[in-house]
Amino acid sequence: MSASRPEVENRSACASKAANNSVAGAAPQGAFDKESSARAIQEMFTSIAPRYDLLNHLLSFSVDRLWWWRAARHFAHILSRPDARVIDLCCGTGDMAFALLRRAGNSGATILGADFSHAMLQRAGQKSAGTCLCWVEADALSLPFADEQFDLVTAAFGFRNLADYDAGLREIVRILRPEGECGILDFGEPRGAIGELYRFYFKQVLPRVGTMISGVRGPYAYLPASVQRFPQPAEMLERMRRAGFKQASWTPYTFGIAGLYWGKK
Ligand SMILES: C[S@@+](CC[C@H](N)C(=O)[O-])C[C@H]1O[C@@H](n2cnc3c(N)ncnc32)[C@H](O)[C@@H]1O
């Protein structure tokens, strides 16, 4: 047991060093600064909006539904409160927000979704007719809300696309009430034999099928690259603490193919 300790300490020292020294964020091909990254990401998602849901379910073999459900279940204690105010950032066509709404049932919790792609929000709006979900067109790095407005902030598979992760975390902390919680669901990089298999699928198969069905070159090659760039759990947790979360943890889903970052302000 004592032999593994220094390694753990070394790893967390590395994470801490990385979190201190670098500005990390999405960097799609051709982007050269934060503004051009954000613009490229916005255009990318707008271009695949018409086929986004179909491709999502197809390429994940519908496991994405299980991940949204599990993430929503994690916050049942907040969603059951009638006065709870909840926002799902980078909501896309709304599936995480729908999972939150299903978990909330008739509790009366207010649930919003926000995204900066108008085309994605249009589809969310079509899907949510007859529900009490509301959609806001907004940049997750500069949200149109006053401080301390929300009890829960979630983001599913969208946070990784932000041009500045630390700025994104600070913005989440800003809009959370004291003791508020955050859930960031995103892809990870599984290890071992499962990891090898998964990497082959993710890097070789998924980009080809995604490009073929969406008819758009680029986004589905960007996906594995963006996951590779995204901080490892230890570093991400360090960034969350530095942004102002008093507690932070990571729960792997499906061998670590995805995982939920949880934080409490
Ligand atoms: C991979 S999709 C995820 C959509 C949805 N949350 C889901 O689980 O299917 C990523 C979404 O993040 C949005 N996004 C990326 N950067 C954003 C930003 N800075 N502000 C708001 N939305 C952003 C994109 O427009 C896109 O709709």
>> Is it the case, given these coordinates, that LEU89 is surrounded by fewer than 19 Cβ atoms within 10 Å (Cβ to Cβ), near the ligand (Cβ under 8 Å from one of its atoms) and of a type outside the set (Ser, Thr, Tyr)?
In response: no
>> I'm trying to understand the selection: among the residues of segment 164-194, which are within 15 Å of THR154 (Cα to Cα), in contact with a helix residue (DSSP H, G or I) (Cβ under 7 Å, 6 or more places away or on another chain) and not basic (Lys, Arg)?
In response: TYR165, GLY168, LEU169, VAL173, GLU181, CYS182, GLY183, ILE184, LEU185, ASP186, PHE187
> Would you pick out the residues in segment 137-154 that are of a type outside the set (Asp, Glu), within 11 Å of the ligand (Cβ to nearest atom) and crowded, with 16+ Cβ neighbours inside 10 Å?
Replying inline: ALA138, ALA140, LEU141, LEU143, THR154
>> If LEU162 satisfies all but one of (1) surrounded by 23 or more Cβ atoms within 10 Å (Cβ to Cβ); (2) within 15 Å of the ligand (Cβ to nearest atom); (3) within 22 Å of HIS74 (Cα to Cα), what's the number of the condition it fails?
In response: (3)
> Does ALA104 satisfy the criteria of being in contact with a strand residue (DSSP E or B) (Cβ under 9 Å, 6 or more places away or on another chain), more than 8 Å from the ligand (Cβ to nearest atom) and under 20 Å from GLU171 (Cβ atoms)?
Replying inline: no
> Quick one: MET120 ticks every box in (1) within 7 Å of the ligand (Cβ to nearest atom); (2) within 18 Å of ILE184 (Cα to Cα); (3) in contact with a helix residue (DSSP H, G or I) (Cβ under 8 Å, 6 or more places away or on another chain) bar one, so which box is it?
Replying inline: (2)
> If you go through segment 157-212 one residue at a time, how many are part of a strand (DSSP E or B) and within 17 Å of VAL227 (Cβ to Cβ)?
Replying inline: 4
> If the Cβ limit is 6 Å and pairs must be 6+ apart or interchain, which residue in segment 32-59 that is without any contact (Cβ under 8 Å) to a residue 40 or more places away in the chain pairs with which residue that is near the ligand (Cβ under 10 Å from one of its atoms)?
Replying inline: ASN56/ASP64
>> Under 8 Å between Cβ atoms, which residue pairs at least 6 apart in sequence (or on different chains) link something in segment 97-116 that is surrounded by fewer than 22 Cβ atoms within 10 Å (Cβ to Cβ) with a partner that is assigned to a strand (DSSP E or B) and among the β-branched types (Val, Ile, Thr)?
In response: THR110/VAL86; LEU112/VAL86; LEU112/ILE87; LEU112/VAL136
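Readers should treat all values here as calculations from the given coordinates under stated rules, not as data from a laboratory. In this text the structure is predicted, and so the values were computed from the model without any measurement. Every residue, glycine among them, receives a Cβ derived from its backbone with ideal geometry; neighbour counts consider all protein chains shown.
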